[in-house]
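Read the figures in this text as sums done on the coordinates, not as results from a lab. Note that the coordinates shown come from a computational prediction; the quantities given were computed from them, not determined experimentally. Counting neighbours? That spans all protein chains shown, and the Cβs are built from the backbone with ideal geometry, glycine included.
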Amino acid sequence: MNNAVPANNAILFRGISHILLDIEGTTCPVSFVAETLFPYARINIPEYLQRNSENAEILNLLQKVREAWQQDQDESASVLWSQGEKLEQYLDLLITQDRKLTELKDLQGMVWEEGYANGDIIGPLYDDVPQALQDWHDQGITLSVYSSGSVAAQKLIYSHSNAGNLSHLFSHWFDTKIGPKHVSTSYKDIANTMQVPGNQILFISDSRQELEAAKCAGIQTIFSIRDGNPHGECAGFPSVNDYSTLILELPIN
C-alpha cells in the first residue's frame, strides 16, 4: 500500500530510501523516442552496420536478430523473410512497430551513442527533473532507472542531457534483461538486486500497467502526468506533474 499523503499541493511519501524511474513520459517527453531517437536509428543503422561489418560484437547481435526474424510470427516479418529481404529491412520493421527485441535495443544504443557524442542528440529532460534528481541524491535517496530501452541508451540520455551530465546521480540501471516491465517479478528482482525492501522504493511511471505490477511487488508507486503522455488517467494512483511537489521521508532506523 502506498504511504502517500496529500499536503496542500505537495505529496508526502514516508519510508522512501530508493527511487525507481521510468524515462519516457516520466523524466523526458514520450515524443523524444518516436520523433528523435527512432528516426535517428532508422537512418543511421545501415551505414553503422557497414562500418562495423567485421566487429564480432555486432556480428553476434545480428545473428541473434536473424534467429528472431526466422521465428517471428508477425505477418509483415514473415513476408520480408520469404522475399529474402536484407536484415536492415527487418530492423526497420522492428523500429516501426516499437518491438522490444533486446538485440535491437542494444544496436540502437550503439548508434545513439555516436549521435550523442557528436552532438546530434541531446536528452530533453523536463524542466523540474534535474533539480529534483540532485535534491533526492543530496537527501541520501538512491536513484535508479528502469526502462525498456537498453541500459546503454538510458545512460546516454542522462550523460548528454540538456542539463549536462547527470548520470553520476544514479546507482542502478535496469532494462528488460531483468524482465518485462508489466510483470511483478521484475520489480521483485529489482528490489533484490538493490538489496532493499520493496516498500522503501518509490516507482514513478506514466504506465498504469507498470505501476500495477510494481504495486503487486510491494513497491510504492506514483503516476507521472506530463503533456503528451498517452495515458492521462491515473486510475486510482497518486499522481504528479512536477517533482518539486514530492516530499520524501527516509525510513526511520
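Write down Rg/Rh for the range 202-248, rounded to two decimals, with Rg from the C-alpha atoms and Rh from the Kirkwood relation over Cα pairs. Radius of gyration over Kirkwood radius for the range 202-248 works out to 0.94. Take the Cα of E35, step 7 Å toward its Cβ, do the same at R99, and the gap between the two points is 2.7 nm. The spacing between the range 189-233 and the range 44-102, judged by their C-alpha centroids, is 32 Å. The alpha carbons of the range 136-222 occupy a box of 35, 27, 22 Å along the principal axes, longest dimension given first.
Ordering 209-218, 168-177 by mean Cβ neighbour count within 10 Å, with the highest value first, yields 209-218, 168-177.
Annotation: lysines with alpha-carbon distance below 26 angstrom to K177 (same-chain offsets under eight excluded): K64, K100, K105, K155, K188, K215. A protection proxy built from the mean count of other Cβ atoms within 10 Å ranks the segments 69-77, 57-65, most packed first, as 57-65, 69-77.
Out of all DSSP beta bridges with both ends in the chain, state the antiparallel percent to the nearest 5. Around 20 percent of the beta bridges assigned by DSSP in the chain are antiparallel ones. Hey, could you get me the Stokes-Einstein D for the range 33-117, Kirkwood radius over alpha-carbon pairs, 4 °C and 1.567 mPa s, rounded to whole µm² s⁻¹? This corresponds to a translational diffusion coefficient of 99 µm²/s.
For the chain, the longest principal axis of the C-alpha atoms and the axis of helix 102-117 are separated by about 80°. Against the empirical 2.2 N^0.38 Å (N residues), the chain has a Cα radius of gyration ratio of 1.07.
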